[in-house]
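Working notes, structure below.
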Amino acid sequence: MNKLKIIFIGGLTNGKIVLEYFQKNRYVKVPLIITHPQNNHTPRYADISCIIHGSHIKTDLEANTHKEIIHNLKPDFIFVAGWSGILSEELISIPRFGTIGFHPSKLPRDRGRSVLAWQIEEGYTQTALTMFYYNKIPDCGDIITQENIKIERNDYINDVLNKVDNATYNLIRAYFPLLRKRIAPRKEQNI
């Protein structure tokens, strides 16, 4: 059985969820993980360096500097979760089947960084976690799926982020088998 070669970029608690899923998946090999440095004081930081044994770990907040290594690994997919840096068009075009990411909004609405804090501030009662294909414009790639997330009146940011983590698990579990078989849905965003 040929395993899919996946490069993982990310960290934080939702990234840990994705990596733990890959660790248990017999169809996956993760030769490279790019993650946050351990001394980084990022909220929701999760040490993911020991999740998948045998993976080469790069602790660097600038994933684009590792393009050559990623290119030489010839990945099938790159997965991005828990990462706020912008990836270059050259990097996201390396994998055979695409670069997949997660964004905590109902794309195409609320693209960009720190959107959950703004959604809470603006009184949203619902958001979503979007699983999507990266393209050259941040948060604008084709949508694979979305899971709605309720924002309660008394929710703080960590309450909503816990719901995002739950949605991350639900989406990776439900849609990775479709991505693996290359039959996952693709819905173009209106840009």
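When the trypsin sites (Lys or Arg not before Pro) in region 39-87 are filtered for DSSP coil states and for at most 14 other beta-carbon atoms within 10 Å of their beta-carbon, no site remains.
Along region 121-135 the Karplus relation, 6.51 cos²θ - 1.76 cosθ + 1.60 evaluated at θ = phi - 60°, assigns HN-Hα couplings of 4, 8, x, 4, 9, 8, 9, 7, 10, 9, 9, 8, 7, 5, 9 Hz to successive residues, with x for each Gly and Pro.
Straight Cα distances below 17 angstrom link LYS16 to the lysines LYS24, LYS29, LYS58, LYS163, with same-chain residues fewer than 8 positions distant left out.
Between ILE157 and GLU188, the contour length at 0.36 nm per residue exceeds the alpha carbon distance by 8.2 nm. Take the Cα of ALA117, go 7 Å toward its beta carbon, and the backbone nitrogen atoms of region 24-48 under 11 Å from that spot belong to 43.
For region 1-105, the list of chymotrypsin sites (Phe, Trp or Tyr not before Pro) that fall in a loop by DSSP and count at most 16 other C-beta atoms within 10 angstrom reads TYR27, PHE97.
Counting only alpha carbon atoms, the long axis of helix 157-180 and the longest principal axis of the chain meet at about 40°. In the chain the longest region clear of GluC sites (Glu not before Pro) that are loop-assigned by DSSP and have at most 14 other C-beta atoms within 10 Å covers 1-61.
Of the solvent-accessible surface of region 60-191, computed with a 1.4 Å probe over protein heavy atoms with every protein chain present, carbon and sulfur atoms account for 47 percent. Amide H contacts of THR99: ILE78, TYR134, each under 5 Å away and 5 or more positions distant or on a separate chain (H built 1.01 Å from N in the peptide plane; Pro and chain starts excluded).
Centre-to-centre separation between the Cα atoms of region 84-153 and those of region 3-58: 19 Å.
If Lys and Arg each add +1 and Asp and Glu each add -1, what is the summed charge of the other residues whose beta carbon sits under 11 Å from the beta carbon of VAL160? Combined, the nearby Lys, Arg, Asp and Glu give -2.
Take every DSSP beta bridge whose two residues both sit in the chain, then give the antiparallel share in percent to the nearest 5. Antiparallel: roughly 40 percent of the beta bridges in the chain. Highest GNM mean-square fluctuation among THR59, THR127, THR42, for the chain modelled with Cα contacts below 10 Å: THR42. Remark: the chain carries 53 Å² of accessible area per residue (probe radius 1.4 Å; ligands, DNA and RNA excluded).
Over 20 Å apart at the Cα level, from the set LYS136/LYS187; LYS67/LYS136; LYS106/LYS150; LYS3/LYS74; LYS3/LYS136, are LYS3/LYS136. Qualifying chymotrypsin sites (Phe, Trp or Tyr not before Pro) in region 121-178, where qualification requires a DSSP coil assignment and no more than 13 other C-beta atoms within 10 Å, comprise TYR156. The simple Förster model, with R0 at 22 Å and r as the Cβ-Cβ distance, assigns LYS3 and HIS53 a FRET efficiency of 0.90.
Calculate how steeply helix 12-23 sits against the longest principal axis of the alpha-carbon atoms of the chain, using the helix alpha-carbon long axis, and give the answer as 0 to 90 degrees to the nearest 10. Once rounded, the angle reads 40 degrees. Using a cutoff of 8 angstrom between alpha carbon atoms and counting only pairs six or more residues apart, the relative contact order for region 1-136 works out to 24 percent.
The values are calculated or read from the model by the stated rules, or taken from the named source; none is laboratory data. Just so we're clear, the structure is a prediction, and the values are computed from it rather than from any experiment. Neighbour counts run over all protein chains shown; Cβ positions are idealised from the backbone, glycine included. Quick note on the areas: whole protein, heavy atoms, side chains included, nothing else; ligands and nucleic acids left out. Shrake-Rupley method; radii C 1.70, N 1.55, O 1.52, S 1.80 Å.
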